[in-house]
Protein chains: 2
Amino acid sequence: MCELLGMSANVPTDICFSFTGLIQRGGNTGPHKDGWGITFYEGKGFRTFKDPQPSCDSKIAELVQNYPIKSRAVVSHIRQANRGQVNLENTHPFTRELWGRYWTFAHNGQLTDYQKLNTGHFRPVGETDSELSFCWLLQKLEQRFPEPPQDMEAMFAYVAECCDELRELGVYNMLLSDGEYVMTYCTNHLYWITRKAPFGKATLLDEDVTINFQEETTPNDVVSVVATQPLTGNETWHRMKPGEYNLFHFGERVGGNVDELADVAFAEAKPKSQAPTEPL
Amino acid sequence: MCELLGMSANVPTDICFSFTGLIQRGGNTGPHKDGWGITFYEGKGFRTFKDPQPSCDSKIAELVQNYPIKSRAVVSHIRQANRGQVNLENTHPFTRELWGRYWTFAHNGQLTDYQKLNTGHFRPVGETDSELSFCWLLQKLEQRFPEPPQDMEAMFAYVAECCDELRELGVYNMLLSDGEYVMTYCTNHLYWITRKAPFGKATLLDEDVTINFQEETTPNDVVSVVATQPLTGNETWHRMKPGEYNLFHFGERVGGNVDELADVAFAEAKPKSQAPTEPL
């Protein structure tokens, strides 16, 4: 198992707060010691930081935590290896170009019989089921849409259909982004939250850090976060169901296959530090 | 114009010394203020650091300079924009997958009439002639070698033939690597040097730094460096001629279209600090 973290925002936003919680799980509060990676989009470009070392000991993770890179779309992953060695080519996220855009992908789970998937000219470089499934998704997309699709929401609905096929091979939780959209598909563990005005305070579950979003934001900011487990103990995260997908566009949820408000689950874990005075 | 820096080594080697010289040219001793990037291979994987900011002011460049990432193949670039805006998607190096390997590319120069080049399914994301020419090269390679080529040296000779075509469109100095090989093609400004035992001292031209390679190496180390301009003032760099290419494999020059020793040029510039006591 691994942990996923994604962000979609309407203004360039740093992910230092959530990333601080996530990297503790990379060998400290969690067992995900086999590397980590994070991709930040800036316009159509991106920058990726990754390390096959545990995130809690990584100098590069320290840089990412302390240097507030602002982005409207982020995909991050910490890894507990099951398929493929612990090395850089097997470290998520993976990025490939399709339709003149960079697509970034991270996966949590494990597949069986995945070697049979035909990836066409998108050849995997490493040995993970994750990268191979990403190549297969891209190949399916290029076959269905030889030219850049106009209706992106329909395109993502097709991605979800392909993920349904992959879910028959095992556990498939994933994040996918092109820098504008962030999509997430669930097999078992995925939560999401949208933060917007009126902003409150939030407290990390994994480290003794509280943030007052009101001080960090403007009233028009909209930020959605997707994570394998809720990162904060005093906010309401939506728990995703098996086969559910959600699509975010610059912060707002714009698509998916369930009613947005039908399945709100409160995070059950308690924060380590005191409860905020102004809960969301 | 931009500046290129490449390295090929037989053991994982850090590039801190050469990179320290290069980044001074990014807005300090040189005019290349429109971003910089560096790609380090580790096995088949890679990590890229890039910034559209001048390298001499970049926090990420500071990390790269102080944190000795060791690699056997490095491609780096500092940019003075001519085609395409100053943003992340136009910042070199560019990396794409072909034959299940990651290929990394950086270019110095400027092309005209490049829009007519057919890039097939390798679509550029940014607006530079550089990225478009890289996509065209990959498309030519995939057409010529639908399956991964066995004879890599013949493959690189074909890359050089394609570069001859590009040179008819303007100035085309470039670096290309798959993590095992580093190839360089010259139109006007490119130099290379191979350092091996007995190692001596070297002094940067752009900053007052001297290194004694003997203290940093073992007798079996072989490291080749390629740069737009010599980075050190007291070593012998090979000056490349128009249309010349050189191919390095884990430090050693293994191919090219000129006699290795036919065209040795001494770097004319003088080091800022005192001459080393033990020149190569």
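The values are calculated or read from the model by the stated rules, or taken from the named source; none is laboratory data. Please read all numbers here as calculations on a predicted model, not as lab measurements. Heads up, the Cβs are rebuilt from the backbone with ideal geometry, glycines too, and the neighbour counts pull from every protein chain shown.
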*Given the conditions (1) more than 21 Å from the chain's Cα centre (by Cα); (2) buried (at least 19 other Cβ atoms within 10 Å of the Cβ), and given that B:Val222 satisfies all but one, which numbered condition is not satisfied?*
(1)
*Just a yes or no: is a residue in the stretch A:70-92 within 19 Å of B:Ile69 (Cβ to Cβ), touching a helix residue (DSSP H, G or I) at 6+ places or on another chain (Cβ under 6 Å) and polar (S, T, N, Q)?*
no
*Check off (1) more than 24 Å from B:Glu131 (Cα to Cα); (2) within 11 Å of chain B (Cβ to nearest Cβ) for A:Pro124 and give me the number that stays unchecked.*
(1)
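One line per residue, one yes/no per condition, for (1) out of contact with any Leu (no Cβ under 8 Å at 6 or more places or on another chain); (2) within 23 Å of A:Leu166 (Cα to Cα); (3) of a type in the set (Gly, Ala, Ser):
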position: A:Glu42; (1), (2), (3): no, no, no
position: A:Arg47; (1), (2), (3): no, no, no
position: A:Pro52; (1), (2), (3): no, no, no
position: A:Glu62; (1), (2), (3): yes, no, no
position: A:Val86; (1), (2), (3): yes, no, no
position: A:Thr91; (1), (2), (3): yes, yes, no
position: A:Asn118; (1), (2), (3): yes, yes, no
*Could you tell me whether any residue of the stretch B:74-88 is assigned to a strand (DSSP E or B) and within 12 Å of chain A (Cβ to nearest Cβ)?*
no
_Looking at the stretch B:72-80, can you tell me whether even one residue there is crowded, with 23+ Cβ neighbours inside 10 Å and modelled with pLDDT under 90?_
yes
*Look at the stretch B:59-70 and say how many of its residues are in a strand (DSSP E or B) and facing chain A (nearest Cβ under 10 Å).*
0
*State whether the residues of the stretch A:92-105 include one that is β-branched (Val, Ile, Thr), farther than 23 Å from A:Gln229 by Cα, within 12 Å of chain B (Cβ to nearest Cβ) and in contact (Cβ under 8 Å) with a residue 24 or more places away in the chain.*
yes
*Single condition B:Cys56 does not satisfy, out of (1) surrounded by fewer than 24 Cβ atoms within 10 Å (Cβ to Cβ); (2) in a strand (DSSP E or B)*: (2)
*Which numbered condition trips up B:Phe94, out of (1) closer than 18 Å to A:Leu98 by Cα; (2) more than 18 Å from the chain's Cα centre (by Cα)?*
(2)
*If A:Gly251 satisfies every condition in (1) at pLDDT below 95; (2) closer than 29 Å to A:Val159 by Cβ but one, which is the exception?*
(1)
*Is there any pair linking a residue in the stretch A:139-160 that is within 12 Å of another protein chain (Cβ to nearest Cβ) and free of Cβ contacts under 8 Å to residues at least 60 places away in the same chain to one that is buried (at least 16 other Cβ atoms within 10 Å of the Cβ) and in a loop (DSSP other than H, G, I, E, B), with Cβ under 7 Å and at least six apart or on different chains, and which?*
A:Gln139/A:Thr119; A:Gln139/A:Phe122; A:Pro148/A:Trp99
*If we only count strands (runs of 3 or more DSSP E) wholly inside the stretch A:129-211, which ones have 1 or more residues that are modelled with pLDDT of 95 or more and surrounded by 19 or more Cβ atoms within 10 Å (Cβ to Cβ)?*
A:170-177, A:181-185, A:191-196
_Close pairs (6 angstrom Cβ cut-off, 6 or more residues apart or separate chains): farther than 15 Å from B:Leu4 by Cα in the stretch B:224-252, among the charged types (D, E, K, R) and modelled with pLDDT of 95 or more anywhere_ = B:Phe250/B:Arg72
*Checking B:His121 against (1) at pLDDT below 95; (2) assigned to a loop (DSSP other than H, G, I, E, B), which single condition isn't satisfied?*
(1)
